[in-house]
Amino acid sequence: MHNTEKSVAVPITYIFFKSLLLLYPDTYRRKFEEEMVMTFEDMYQEKMLKDGETGIPFWFHIYMDIVANAFEQHWQLLRKQGLKKYTEQTLHINRYNIIGGLLLLPFFSVFLVDIIARIAQGDVTHYNRPVYSLLSHSLLYWFPVLFTWVILFPVLAVLINLFPLIKNILKKHGSVLRFDFIRQNIISLTLLTIGLGFLAIILLHDLGPCVVHGLLRFGFGKLPYILSFCRNA
Amino acid sequence: MSKSKSFSNTNVSLTPQIFYILLALATKERHGYDIMKQVENDSQGKIRLGPGTLYGAIKRMLEEKLITAVDSSHSRRKYYQLTEKGRTLFNNELQRYNEAVELARRRSLLGKPAVAKLVIYA
């Protein structure tokens with residue numbers, strides 16, 4: 001048992017444990033990840049040999065142990081590095097991400113209210129009339145304000161988050177598709193995706209629900225007819 | 001021992017986890033899982049370290065230079081061994097335990113299990 005050198009033949013448990021280790025700061029993970037995985041594999045194999053199964057208490061113990069310790073490592077790093085350095089170097093959040101996040105916040109809030117209201121009425125394909133009525137009579141729907149948070153802010157958020165991304169792409173050259181690059185730019189990539197998603201919603205917000213409604217009612221066989229109908233609707 | 005307490009003073013008291021890890025390494029160098037099993041055996045199952053807690057403690061002990069990592073020639077595993085500082089700290093802790101037990105014995109407290117347990121973990 002102690003001399004196990006290879007991964008256990010249960011990839012799901014291995015992937016689960018490796019995913020949990022992503023909670024740790026990069027520096028810690030780089031140093032201890034391999035050893036922690038080997039130790040976990042030994043624990044797992046011993047448990048399987050002893051009991052023939054792992055069970056919920058085993059996984060709960062592993063989960064709580066990793067989460068609590070990862071939090072502690074982040075806290076120690078935060079105290080050591082200070083908030084600014086920790087945010088930039090450990091969480092990979094830069095000032096462009098913060099500005100981008102703030103710019104997307106109004107759209108996100110209204111979008112969330114709209115989704116919750118649609119779910120509450122039991123029909124996601126149509127907007128909730130009372131909530132829409134309330135929102136449309138507020139300042140948020142006065143055209144200059146509406147244009148700002150619906151179009152201008154998401155466009156600015158996308159552009160602002162493209163800047164650090166392009167800078168990092170130029171710096172990293174050929175290693176853009178590597179996991180480390182994606183992980184280090186995950187906030188920029190997420191904000192970029194959300195921003196583009198919001199713009200897509202604006203362009204397709206009438207078409208989208210109409211197509212979903214049509215597909216639910218008539219099935220995929222009638223897709224060309226549904227698309228044509230919804231475009232003209 | 002609080003998390004921020006440094007081991008620069010070798011008379012500082014240890015957490016049960018750190019004490020049992022030092023105890024496991026006092027006899028020979030060991031790798032992570034071996035330490036984990038030894039701690040569980042030595043503490044009669046009272047202390048069960050998960051990989052997170054174990055490597056959190058190992059990181060701290062490496063930073064404080066209580067232990068050092070040794071690469072193995074026949075394995076990918078990293079082994080850990082006590083440094084002089086670690087051994088001194090461990091011996092001082094044992095001495096403190098010993099004195100506490102002696103004191104308890106002189107006061108005839110050792111026959112009372114609950115009190116004996118309190119003295120050991122004081």
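The values are calculated or read from the model by the stated rules, or taken from the named source; none is laboratory data. These numbers were taken from a predicted model, which means no experiment stands behind them. Because the Cβ atoms are built from the backbone with ideal geometry, glycine has one as well, and the counts that use them run over all protein chains shown.
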Margin query: Filter region A:73-111 down to the residues that are surrounded by 15 or more Cβ atoms within 10 Å (Cβ to Cβ) and within 14 Å of chain B (Cβ to nearest Cβ) and list them by number.
Written below: A:Gln73, A:His74, A:Gln76, A:Leu77, A:Leu78
Next item on the list: Evaluate region A:139-161: report whether one residue or more is surrounded by 14 or more Cβ atoms within 10 Å (Cβ to Cβ) and in contact with an Asp or Glu (Cβ under 9 Å, 6 or more places away or on another chain).
Entry: no
Notebook entry, point to check: From the residues in region B:58-101 that are among the hydroxyl-bearing types (Ser, Thr, Tyr) and under 21 Å from B:Gln38 (Cα atoms), which one is farthest from the other protein chains (Cβ to nearest Cβ)?
Noted result: B:Tyr97
Next item on the list: Give me a count of the residues in region A:187-229 that are outside any helix (DSSP H, G or I) and either among the hydrophobic types (A, V, I, L, M, F, W, C) or farther than 30 Å from A:Leu156 by Cβ (or both).
Entry: 1
Item checked: Sole residue being over 23 Å from the mean Cα position of the chain (by Cα) and among the aliphatic types (A, V, I, L, M), chosen from A:Ile56, A:Ile93 -> A:Ile56
Note to self: Just the residues that are at the interface with chain A (Cβ under 9 Å from one of its Cβ atoms) and more than 12 Å from the chain's Cα centre (by Cα), please, taken from region B:31-48.
What the structure shows: B:His31, B:Gly32, B:Tyr33, B:Asp34, B:Lys37, B:Arg48
Check: Within region A:22-53, how many residues turn out to be surrounded by 13 or more Cβ atoms within 10 Å (Cβ to Cβ) and over 28 Å from the mean Cα position of the chain (by Cα)?
Finding: 11
Next item on the list: Hey, could you check region B:29-41 for residues that are in contact (Cβ under 8 Å) with a residue 24 or more places away in the chain and out of contact with any Lys or Arg (no Cβ under 7 Å at 6 or more places or on another chain) and say which is surrounded by the fewest Cβ atoms within 10 Å (Cβ to Cβ)?
Entry: B:Glu29
Margin query: Between A:Leu215, A:Leu170, which is aliphatic (A, V, I, L, M), more than 30 Å from A:Tyr96 (Cα to Cα), more than 21 Å from the chain's Cα centre (by Cα) and at pLDDT below 90?
Written below: A:Leu215
Notebook entry, point to check: Which number in (1) over 26 Å from A:Tyr24 (Cα atoms); (2) modelled with pLDDT under 95 marks the one condition that B:Glu64 misses?
Noted result: (1)
Note to self: Taking the conditions exactly as written (more than 10 Å from chain B (Cβ to nearest Cβ), of a type in the set (Phe, Trp, Tyr) and under 21 Å from A:Phe179 (Cα atoms)), does A:Tyr24 satisfy them or not?
What the structure shows: no
